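The values are calculated or read from the model by the stated rules, or taken from the named source; none is laboratory data. Every value quoted in this text rests on a predicted model; they were computed, and no experiment measured them. Every residue, glycine among them, receives a Cβ derived from its backbone with ideal geometry; neighbour counts consider all protein chains shown.
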Amino acid sequence: MTLQMIANGLLILLLIVWIGVRQMTWRPVVVSRMWRSPLILGIVGCALIAQQVKPASITPLDIAVLVGELLFSLGVGAWMGAIAHFRRLPEPVAAGRDGRDLAVYESRTGAWGMSLWLVVVAVRIVVDVLAAQAGSHLAAATGVILLVFAANRVARTAVFAARLERHAAVGRMMVE
């Protein structure tokens with residue numbers, strides 16, 4: 001077992017716990033803030049890939065594995081956004097550390113969201129092992145883990161935003 005494998009395992013465990021807690025608890029929704037974590041994960045993931053993988057060593061298998069993982073993660077992220085439950089807060093609350101953003105709704109995906117999250121992680125681990133056995137060097141890169149999780153969060157946030165936009169539009173029509 002290499003140091004990178006141990007680091008990847010710890011990173012995955014940390015992400016499971018962090019996102020798992022967020023799936024199971026009601027949290028105020030501020031869509032503009034929801035874009036931050038996938039953006040940070042994506043940037044860090046790309047930077048790590050640039051450091052860890054030489055462009056000349058990337059094979060068609062690497063590209064196929066990465067694209068497949070990203071598409072799968074995007075699909076599951078959209079599914080997570082679609083199954084999320086929303087409830088209107090009695091009154092808007094300040095969200096975030098600075099308290100400048102107002103949340104009108106709170107949401108969670110609950111046990112189904114957690115289950116889907118564990119499926120993403122399990123698929124990621126299986127693909128990593130199988131791709132490495134097939135000769136892919138990119139699949140085992142820590143940056144790819146971060147990109148896959150960023151893709152999941154991007155799709156989830158996009159679906160959240162669309163659902164909240166529709167919900168707000170229906171609410172405005174009912175008031176009129």
What are the pairs with Cβ atoms under 7 angstrom where one residue, in the range 59-77, is touching a residue at least 24 places away in the same chain (Cβ under 8 Å) and aromatic (Phe, Trp, Tyr) and the other, located anywhere, is surrounded by 13 or more Cβ atoms within 10 Å (Cβ to Cβ) and part of a helix (DSSP H, G or I)? Sequence gap at least six, or different chains. PHE72/VAL123
So TRP79 clears everything in (1) over 16 Å from ALA151 (Cβ atoms); (2) under 16 Å from the mean Cα position of the chain (by Cα); (3) not aliphatic (A, V, I, L, M) except one condition, right? Which one? (1)
Any idea which residue in the range 118-164 is surrounded by the most Cβ atoms within 10 Å (Cβ to Cβ), counting only those that are over 18 Å from LEU48 (Cα atoms) and basic (Lys, Arg)? ARG156
Residue pairs within 9 Å by beta carbon, gap of at least six or interchain, first lying in the range 28-48 and modelled with pLDDT of 90 or more, second not in a helix (DSSP H, G or I), listed first then second, are GLY45/ALA141; LEU48/ALA141
Inspect all residues belonging to the range 81-101 and state whether any of them is among the hydrophobic types (A, V, I, L, M, F, W, C) and either in a helix (DSSP H, G or I) or closer than 18 Å to GLY143 by Cα (or both). yes
Test ARG87 against the stated conditions and say whether it is surrounded by fewer than 12 Cβ atoms within 10 Å (Cβ to Cβ) and basic (Lys, Arg). yes
Every residue from the range 134-159 that is part of a helix (DSSP H, G or I) and either of a type in the set (Gly, Ala, Ser) or at pLDDT below 90 (or both): ALA134, THR142, GLY143, ILE145, ALA150, ALA151, ALA155, ALA158
